[in-house]
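Notes to accompany the following structure.
Each reported figure results from applying straightforward, stated rules to the coordinates on display, with no laboratory input. The structure displayed is predicted, hence computed values, not measured ones. Glycine gets a Cβ as well: all are built from the backbone with ideal geometry, and neighbour counts include every protein chain shown.
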Amino acid sequence: MEVIIIAAVAVGLVLITIAKGVRLVPQGEKFVVQRLGKFFQTLNPGLNFVIPYVDTVAYKVTTKDIVLDIPSQDVITKDNAIIKANAVAYINILSPEKAVYGVENYQIAIQNLIQTTLRAIIGEMRLDEALSSREHIKARLKDGISDDIADWGITLKNVEIQDINPSQTMQSSMEEQAAAERERRAAVTRAEGEKQATILEAEGRLEASRKDAEAQIVLAKASGRSIEVVTSAIKDDELPVMYLLGEKYIDSIKTLSNSDNAKTVIYPADLAGTVKGLLSKLK
């Protein structure tokens, strides 16, 4: 009976030992093996054999692309504006042993490296430049960290700037500034419109005055011509003037009769005698 128990235990130990010596590595992963606490080899996907109790699988590393979400952070620009920026990085582990032995935690290390480099790049830019130069920041960020993470056996396949936005306080200030600028432009537009209206009104008055002056000139010429015609017709110096004054007298009476205001107008009883008296004094 004891022999059977010992044999069963021996068979169990053999099976356990064989199982420990066989390692199946899934596709998309690599196993880092240590022998007696020291790095020994990297197991590729498929069936692999190790020495039981001597070799141990210390790390299991994925060979798929890893997406690292870089947390949002406050960044100060060259002109002391505060903006919030975050990013996303796509990495791939080429050398698992370097990734696990070269740095304590490669994911945290890459996140901190990207955040630090991003602060340095944006810190050299002004606010307007930082908000409009996403592709430029992306290119500089990729160039700045690719060599550093290559020492850890990791390649940076791509990095994207997700958001670059002003802080809440800065955004409120920008909105107020934009509103003030719109109000200023509206005031300038209104002032320009009023200016043009005033100019057009003045030009209209000037044109009307010019037309009135031209009309007066035409009327004066017509009156002179009338005097000449009447004088030549009746061969008398006083009668033409009397004729024109009679016309003016009739026109003025007509104008007064059309007015709504009450008026008292005094005319000389002997208009013809008065005109003759004035003419005799002028002579």
Checklist line | Kirkwood-based Rg to Rh ratio, the stretch 114-213, C-alpha trace | finding: 1.48
Next item on the list: Compute the length gained on full extension between Asp148 and Ile108: take 0.36 nm times their separation in residues and subtract their Cα-Cα distance, giving the result in nm to one decimal.
Entry: 13.0 nm
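What number does the stretch 77-147 give for Rg over Rh if you use C-alpha atoms and the Kirkwood radius?
Numbers: Rg = 14.2 Å, Rh = 13.5 Å.
Answer for the stretch 77-147: 1.05.
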Note to self: What whole-number distance in Å separates the alpha-carbon centres of the stretch 16-50 and the stretch 99-160?
What the structure shows: 33
Checklist line | Neighbour-count order for Lys38, Lys78, fewest beta carbons within 10 angstrom listed first | finding: Lys38, Lys78
Item checked: Estimated distance in nm for a label pair at Ala186 and Val3, the labels positioned 7 Å out from Cα along Cα-to-Cβ -> 10.8
Check: So between Asp74 and Glu160, what do we pick up on full extension, going 0.36 nm a residue minus the alpha carbon distance?
Finding: 29.2 nm
Checklist line | Globularity ratio of the stretch 1-66, using Cα Rg and 2.2 N^0.38 Å | finding: 1.45
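Fewest first, what order do Thr63, Thr77 take by the number of other Cβ atoms within 10 Å?
Listing Thr63, Thr77 from fewest to most nearby Cβ atoms yields Thr63, Thr77.
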Checklist line | Size of the stretch 1-117 as Cα extents on the principal axes (Å, biggest first) | finding: 87, 25, 22
Notebook entry, point to check: For Ala208, what is the net charge nearby, where nearby means another residue's Cβ is under 13 Å from its Cβ and Lys, Arg count +1, Asp, Glu -1?
Noted result: -2
Note to self: I need the calculated FRET efficiency for the pair Ile199 and Ala179, taking r as the beta carbon distance and R₀ as 41 Å, to the nearest 0.05.
What the structure shows: 0.85
Next item on the list: Could you work out how far apart the two model spin labels at Phe49 and Ala208 are, taking each label as a point 7 Å from the Cα in the direction of the beta carbon, and quote it in nm?
Entry: 11.5
